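To start, the structure itself, in structure tokens.
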Amino acid sequence: MKKKLFCSLTFITSIWFISCTDDVKTQPLETIQPNEEIVNDLENPESVVETDLGKAEYFNKALVDNNYILINDKFGERNVYLMNKDLEVLFEWPLNGKKLGNDAFILPNGKLLAMFQSENPSIKLGGFGGILQILDKDGNVEWDYEYSTDDYIAHHDSELLPNGNILFQSWERKTIEESKEAGSKMDIELIPDALIEVNPSNNEIVWEWHAWDHLVQDHDASKSNFGVVSENPQLIDLNYVADEDGDIMHANGINYDEKNDLIYLSVNFFSEVWVIDHSTTTEEAASNSGGNLNKGGDLIYRFGNPEAYQNTSGERLFDHNHYPNLLEGSDEGKILIFSNGFTEEQSTAYELRLPNPLSLQANTDNEPKIEWSFTNEALFSPKVSGVVKLSNGNRLITEGNAGVWEVTEKGEVVWRFLGEGFFWRAYHYDKTSPEILSLGL
């Protein structure tokens, strides 16, 4: 499986609001209770290492995982680099002036799959990309694919599928007329989300899913998609988010479940994760039948915010969220996710146990079980961020506006990286992993 936000002080009044503000749209949230299991004294590290990247603080070096971290820093002097826990740069990809769209990660062959920004995009919502590329370790472009027009643009995240295809997120523009006919309350163009799968050997789109095909609205009975939101949890409430830019969903991360052929999609403005059946054909994905589960492209499961489909059962977990990171091996059936905690200004890292089988019912508590969580009064990033699990069982938490934390199962902070940058995610790689061995490190 592949796979925070600190705009430096000189960027706060300029780049922060240009590049980051669109990532948060607030819906009412009553409470999100942090669950702190252990007292951490972050004022007194046992040792500190400082380099030009920032500062590494060791709080319990004996418990720190001694492997490598890939840093994705959108606005730093270094954009994509591999480092150790002492902040020594082991490898850096030359991007030759290209601007990151957001995600970049190492493939098993040591090459980099990254999202870059188109030069003159028509859709400029926060997190836009437009160009997907595979780079060799010298920065040479081995695959180049642009998905950017007046009507759509690739954004945020991508995933290499087992069949060699590449799955990525897209925004697509809907006219005012299309939006009103769909039942929108707003008299503006809307920009909903979609998923696109492309074969990099010939750049042919082989599968796609569009949220626009799976809507419900209770605003106007004379328009399309009219229905009772609470009775249709498999559908997406078109009017749940009212955004003046038309960005009504703002999905920001994907992960693929190979065993069950499902896609997990983090939807920031809904404070949810949606699960979609990838076994469908494109035609089936536009309907509510077909595929292994015979539900077409309707949502198979959703969690994090039952308010988003007017469900009064189940407690809300997320207040804006990033990176739906499915676990494997002995942790199969669990997922890690970062809740930004925008309303309370308190972020939380969660490890959740998903129901088996996945079940989505109206007027029912559909939420997963919390297996582990971590928060700290110093942990807060209103944008980006994520969580991964390390080989020693610790969790690596990307705090997008500050750096990276390493935390044990018991909630003890053992290491922290503090730097100035825009840290999308930090990815962990064992020293003996295929990715690292392919780089010759």
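Quick notes
- Some residue of segment 65-72 being at pLDDT below 95, crowded, with 20+ Cβ neighbours inside 10 Å and closer than 22 Å to Asn394 by Cβ: yes
- Inter-residue pairs, beta-carbon under 6 Å, first under 15 Å from Trp424 (Cα atoms) and in segment 94-109, second outside any strand (DSSP E or B), 6+ apart: Leu100/Lys74; Leu100/Asn79; Gly101/Gly129; Asn102/Gly127; Phe105/Lys2; Phe105/Lys3; Ile106/Glu435
- For Ser373, the test of being surrounded by fewer than 21 Cβ atoms within 10 Å (Cβ to Cβ), more than 26 Å from Phe75 (Cβ to Cβ) and out of contact with any strand residue (DSSP E or B) (no Cβ under 7 Å at 6 or more places or on another chain) is failed.
- Scanning segment 387-432 for residues that are farther than 18 Å from Pro324 by Cα and of a type in the set (Val, Ile, Thr) yields Val407, Thr408, Val413, Val414, Thr432.
- Counting only residues that are at pLDDT below 95 and either open to solvent by 50 Å² or more (accessible area, probe 1.4 Å) or farther than 15 Å from Phe168 by Cα (or both), segment 101-120 holds 2 of them.
- For Val206, the criteria (1) crowded, with 19+ Cβ neighbours inside 10 Å; (2) not in a loop (DSSP other than H, G, I, E, B) hold in every case but one, which is (1).
- Given (1) under 12 Å from the mean Cα position of the chain (by Cα); (2) open to solvent by 30 Å² or more (accessible area, probe 1.4 Å), index of the condition Ile254 fails: (2)
- Only residues that are among the acidic types (Asp, Glu) and assigned to a loop (DSSP other than H, G, I, E, B) were counted across segment 220-246, and they come to 4.
- Whenever a residue of segment 243-270 is of a type in the set (Asp, Glu), its partners that are at pLDDT 95 or above, lying with C-beta atoms within less than 6 angstrom and at least six residues away or across chains, give the pairs Asp247/Leu125; Asp247/Ile191; Asp257/Leu326; Glu258/Pro162; Asp261/His278; Asp261/Ser279.
The values are calculated or read from the model by the stated rules, or taken from the named source; none is laboratory data. It should be emphasised that the depicted structure is a prediction, and the values quoted were computed from it without experimental measurement. Every residue, glycine among them, receives a Cβ derived from its backbone with ideal geometry; neighbour counts consider all protein chains shown. For the accessible areas, the whole protein counts, side chains as well, though only heavy atoms, and no ligand, DNA or RNA atoms are used. Shrake-Rupley method; radii C 1.70, N 1.55, O 1.52, S 1.80 Å.
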